[in-house]
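Comments concern the structure below.
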Amino acid sequence: MTTDTMTKPAEGVDDPVADLRARFGDAILAEQQTVDTFPILWIDPAQWVAVHDHLRHGVPQPFTLMAELYGIDETTRRHRAGQPASGITLVSHLISPERNADIRLKCACDAEAPRAPTLTQVYPGADWYEREAFDMFGVRFDGRASHRRILMPPDWKGHPLRKTHHARATEVAPYRMTPESFAATEAANAIDPAELGLPTERDGVELMVLNFGPHHPSTHGVFRIVLGLDGEEIVWAYPDIGYHHRGAEKMAERQTWHGFIPYTDRIDYLGGVISEMPYLLAVEKLCGIEVPARAQCIRVMLSEFFRITSHLLFYGTLAQDTGAMSPVFYMFVDREKAYKVIQTITGARMHPAFFRIGGVAMDLPSGWDELVREFLDWMPARLDDYERQAMNSELFRIRTQGVAAYDVETCLKWSVTGPHIRAAGLPWDMRKLRPYSGYENYEFDVPTRTEGDCYARTWVRAQEMRESLKIIRQCLDWMPEGPIKADHPLAFPPPRAQTLHDIETLIHHFTGTAYGTRVPVGEATGQIESARGFTQYSIVSDGEGGSYRTRIRTPSFANLQAIPEVAPGMTVADFVIYLASIDHVMSDVDK
């Protein structure tokens, strides 16, 4: 079951901006112009919920997916022409899958005590994003029952993404742990189900509370889920994240635009260069840089190699969780073959930091094509073997079919994307819907199923590897000639040969390295389809050598949100399979 396209907006479909202006009048405070093509509207806080509700329920082809919600500390920003006064700006990004269209809404909040109405009654998937906005910026949401931190420890002081919060440990006094402080931290991190409104008994029988993780092989990373159990049956599940949090968005504010590229590899650390793509798409959009065709093709080829290595790890470990031990060992052999190609081209394996502003770091080495061709000839038969070992195995089918099934509506409700939503029946893939880096030039299908269970999610990823091989084959056959970096003054670093003969280029290299490339003032967004789903970087430049604000929308963060709805009624053994089928990466969750 494959499809190439998705439902497109009908001719003459309504204009949501005009509709909102007609219905809400002065509540639409401003329309902000950026290099992005989707509308950006500032909304009166009193109408914040009503506008979202109208876009979710009141328009044809509604905006059913809240892709994310985040904050911007505006207190030190110098260039805000055409924007209403704001201390902390709350930003929501909505998507209509039927229209294949976005709209971004902004709400101005007070700098000292930011508040806004909660959107959880309209978009349940806003829950974790609002908790994050409180955690990082101190925004309180009227109507929420709890403002429990989500990434930082409950006893953390301050809100890390505020401009007044320190970025380095050297900016504060040395941390000292005493027996008393250790005990206080332990107590602060304890979870009381009753305080969270979770039942402690069922039918008069006390529930067993089980801490599943954070250190457990079946959590596939440093991830804790508190389970309320009646025997082996899960009555409720409470995900607790943040154990892997490193503050990547804060780091972006103290790195140069170019210097932040290696950090992007470590967001989804299994995705390699895939995570570099949306960041650079946003930067290049602000700079007005057009990437040469050869560099675009190299980017696509490497991205698909990493999609395969990521899916192989998922495939093997999920099979292992079902009790099949052999596939994971065979698949690691295949990953090594892929990494041999990646390392030959980029000089590194998992985290190459190979893409650059305007192109890629270096041209393809001699003999790259033979290595790629060898891999393409090797993999199809191996994928056939894995179908026999896993997908067609009676054991695998028993453990995965009908387990943790959810539909498209559930995915949209909790902002779940990627193989999850495609396994439920919606062919939503950014490479097809909004082609970037030349994806519109490649022939490939978007695999879908309708069951939405663990088996379907595995099948979709298995087929996606075959589609990635098709794309890589086309890159091999059609690799364009020409430069691997844009001839643009903001492309960085400039050609080395030029720096040896041209003083202006040498100065550009020196200032760019020392102070950072001066990216033009403005805001821009880069969107891609990673191995785990919809990934988006939203950047704000204030004209300096580094980012004023870099917002990273990761699919793993949202994909875990559905656990409390999906898990009840499952056994613990099936819950292990469900977790594996999510294919989350905890650095992609916590950032």
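Only the coordinates and a few stated rules stand behind these numbers; no lab work does. Quantities reported herein were computed from a predicted structural model and do not represent experimental measurements. Reconstructed Cβ throughout: ideal geometry from the backbone, glycine too, with neighbour counts over all protein chains shown.
So what is the diffusion coefficient of the chain in µm² per second by Stokes-Einstein at 4 °C and 1.567 mPa s, using a Kirkwood Rh over Cα pairs?
Details: Rh = 25.1 Å.
Reported coefficient: 52 µm²/s.
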Sequence-distant residues sharing a close amide H with Ile357 (under 5 Å, placed H) | Phe492
From phi via Karplus (6.51, -1.76, 1.60), per-residue ³J(HN,Hα) for segment 104-115 in Hz, x at Gly/Pro | 10, 10, 10, 10, 7, 10, 5, 6, 7, 9, x, 9
Rounded to the nearest whole number, the Stokes-Einstein translational diffusion coefficient of segment 2-142 at 4 °C and 1.567 mPa s (Kirkwood radius, C-alpha pairs) in µm²/s is 82 µm²/s
Ordering 475-484, 99-108, 575-584, 338-347 by per-residue average of other C-beta atoms within 10 angstrom, highest first, gives 575-584, 99-108, 338-347, 475-484
Could you give the spread of the C-alpha atoms of segment 439-591 along their three principal axes, from largest to smallest, in whole angstroms?
-> 68, 40, 23
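Return the Rg/Rh ratio of segment 248-590 with Cα-based radii and a Kirkwood Rh. Walk me through the numbers on the way to the answer.
On the way: Rg = 20.6 Å, Rh = 20.8 Å.
In segment 248-590, Rg relative to Rh is 0.99.
Order of 299-310, 493-504, 325-336, 258-269 by packing, highest average Cβ count within 10 Å first? Each step should come with its number before you reach the end.
Details: 299-310: 25.4, 493-504: 12.7, 325-336: 15.9, 258-269: 21.6.
Packing proxy ranking, top to bottom: 299-310, 258-269, 325-336, 493-504.
For the chain, give me the percentage of DSSP beta bridges that are antiparallel, rounded to the nearest 5 percent. Present the calculation step by step, with values, prior to reporting the outcome.
Working: 56 of 62 bridges.
In the chain, DSSP labels about 90 percent of beta bridges as antiparallel.
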Ranked highest first by average number of other Cβ atoms within 10 Å, how do 407-414, 315-322 line up?
-> 315-322, 407-414
HN-Hα J in Hz across segment 173-189 - Karplus 6.51, -1.76, 1.60, θ = phi - 60°, x for Gly and Pro = 5, x, 7, 10, 9, 10, x, 5, 5, 5, 5, 5, 5, 4, 5, 5, 8
Charge dipole (debye, nearest 20) of the chain; +1 at Cβ of Lys and Arg, -1 at Cβ of Asp and Glu = 1260 debye
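If the limit is 23 Å between Cα atoms, which of Lys106/Lys250; Lys163/Lys591; Lys285/Lys413; Lys432/Lys485; Lys485/Lys591 go over it? Write down the numbers at each step before the final one.
On the way: Lys106/Lys250 21 Å; Lys163/Lys591 18 Å; Lys285/Lys413 31 Å; Lys432/Lys485 25 Å; Lys485/Lys591 29 Å.
Beyond 23 Å between Cα atoms: Lys285/Lys413; Lys432/Lys485; Lys485/Lys591.
Which of Tyr537, Tyr238, Tyr175, Tyr439 has the fewest other C-beta atoms within 10 Å, and how do the rest follow up to the most?
Values: Tyr537 27, Tyr238 17, Tyr175 7, Tyr439 22.
In order of increasing Cβ crowding within 10 Å: Tyr175, Tyr238, Tyr439, Tyr537.
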